[in-house]
Structure formats: structure tokens, C-alpha cells
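Undergrad: I have a structure I would like to understand better, so I am pasting it below and will then ask my questions one at a time.
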Amino acid sequence: MNKVILSTLVVLLAAVAFSEGMTLRSLGVELHCRCFQTESRPIGRHIEKVELIPANSHCGVPEIIATIKKTGKEVCLDPEAPWVKRVIERILDNKRR
């Protein structure tokens with residue numbers, strides 16, 4: 001009997017934790033770094049949009065996430081790649097104007 005109650009409790013807690021995580025994610029709150037691998041090869045002409053995420057309490061490094069035009073796939077860009085630095089400079093220059 002105790003095993004059934006314990007199992008039910010674990011399942012309920014997992015469901016609450018999962019739904020709470022989904023709620024936070026839907027609000028745009030990430031609880032960890034989104035980028036595990038980065039692309040350093042030039043793909044500039046294939047990029048539809050770029051998202052700049054500064055380092056924060058959940059991820060200690062800045063992240064640059066590009067959305068590819070044809071597929072809509074998100075790709076993490078290497079912030080140290082020279083071509084990525086140029087793209088970021090252009091974005092920042094356009095925002096200043």
C-alpha cells in the first residue's frame with residue numbers, strides 16, 4: 001500500500017514539476033544554457049533572424065542563436081568566430097540608429 005501511495009506521489013510531483021517548467025519556458029524563461037554546440041562556419045546568407053542572449057544566472061556565457069531561412073531550424077553560433085562578430089556589430093549598429 002505504501003508503495004502505491006509513494007509511486008502516485010512521485011508521479012504527481014513529476015507532473016507538477018514538468019508543467020511548471022513548461023510554463024516558465026513559455027514565458028521565455030530558460031533555466032539553463034540553450035547552446036551546447038556552436039557553429040563557426042560562415043552561414044550568414046542563410047540566416048533569417050538572430051537572437052542575442054546575454055550571460056545570466058542560468059547560463060554564464062552569452063549565446064547567439066540564429067534561425068535558418070529555409071528550415072526554421074535554430075543554430076547556435078560561435079561568438080568568437082570573426083564572421084559572427086561582424087554580424088553582431090551590424091545588428092548593434094542598426095539598433096543604435
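Undergrad: Just want to confirm a number: the relative contact order over segment 35-97, from Cα pairs under 8 angstrom separated by 6+ residues, in percent.
TA: Details: 78 pairs, mean separation 19.2, N = 63.
The normalised contact order for segment 35-97 reaches 30 percent.
Undergrad: Quickly rank 76-89, 37-50 as a protection proxy: mean count of other C-beta atoms within 10 Å, highest first.
TA: The packing order, highest mean first, is 76-89, 37-50.
Undergrad: Here's a follow-up. Pop a pseudo-label 7 angstrom from the Cα along the beta-carbon direction at both residue 37 and residue 57 and give the gap in nm to one decimal.
TA: Distance between the two pseudo-spin positions: 3.2 nm.
Undergrad: Still on this structure: With label points built 7 Å along Cα→Cβ from the Cα atoms of residue 95 and residue 68, find their separation and express it in nm.
TA: 2.6
Just so you know, all these numbers are worked out from the coordinates, no wet-lab data involved. Just so it is clear, the structure is predicted and the values come from calculations on it, not from any experiment. Glycine also receives a Cβ, built like all others from the backbone with ideal geometry; neighbour counts cover every protein chain displayed.
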